[in-house]
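Asks: After the structure tokens below, expect a handful of questions from me.
The values are calculated or read from the model by the stated rules, or taken from the named source; none is laboratory data. Remember, it's a predicted structure, so these values are computed and weren't measured experimentally. We place every Cβ from the backbone using ideal geometry, glycine too, and count neighbours over all the protein chains shown. Quick note on the areas: whole protein, heavy atoms, side chains included, nothing else; ligands and nucleic acids left out. Shrake-Rupley method; radii C 1.70, N 1.55, O 1.52, S 1.80 Å.
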Amino acid sequence: VLSDDGSRMTIAGQTVTELNILCDLDPWKAEGNIALEPGLHSITIDYFQFEKRNRLELEYSVNGGEKRKVTPAMLFHGKSE
């Protein structure tokens with residue numbers, strides 16, 4: 001996760017990254033990892049925007065491979081259970 005203020009990413013109920021900062025300039029990066037079985041998994045992103053600039057980017061890699069950006073086409077909004 002790359003964000004210029006606070007953010008938290010939770011996948012399948014587990015917090016994977018968390019940034020608890022306020023930043024007026026360049027964004028900060030937080031990295032984490034989680035083992036997932038094949039299939040769909042819920043992702044929750046909590047994002048805090050303070051005053052200036054706004055930025056939130058997500059990247060992923062598989063087994064430590066090349067990092068790729070998460071695009072909107074990779075996500076969908078389903079019903080909560």
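Asks: Could you check which residue among Leu36, Leu56, Leu19 shows the biggest mean-square fluctuation in a GNM of the chain with a 10 Å Cα cutoff?
Replies: Between Leu36, Leu56, Leu19, it is Leu36 that shows the largest mean-square fluctuation.
Asks: For the chain, set up a Gaussian network in which alpha carbons nearer than 10 Å are linked by springs, and say which option among Ile45, Ile11, Ile34 fluctuates the most.
Replies: Ile34
Asks: Compute the accessible area per residue over the chain, keeping the other protein chains in place, probe 1.4 Å, unit Å².
Replies: Accessible area per residue: 82 Å².
Asks: Continuing with the same structure: If ligands, DNA and RNA are left out, what is the accessible area of Tyr60 with a 1.4 Å probe, given in Å² to the nearest 10?
Replies: 80
Asks: Can you tell which of Asn33, Asn63, Asn54 shows the greatest fluctuation in a Gaussian network model of the chain with Cα springs below 10 Å?
Replies: Judging by the Gaussian network model, the answer is Asn63.
Asks: Given that just one value was derived from the coordinates, which of (i) 13.4, 39; (ii) 12.4, 36; (iii) 12.2, 42 is Rg and Dmax of the Cα atoms in Å?
Replies: Correct label is (i).
Asks: If each residue of separation counts as 0.36 nm, what is the full-extension length gain between Val16 and Arg68 once their alpha-carbon separation is subtracted?
Replies: Roughly 17.0 nm would be gained on extension.
Asks: Rounded to the nearest 20 debye, what is the charge dipole size of the chain about its Cα centre when +1 sits on each Lys and Arg Cβ and -1 on each Asp and Glu Cβ?
Replies: It works out to roughly 200 debye.
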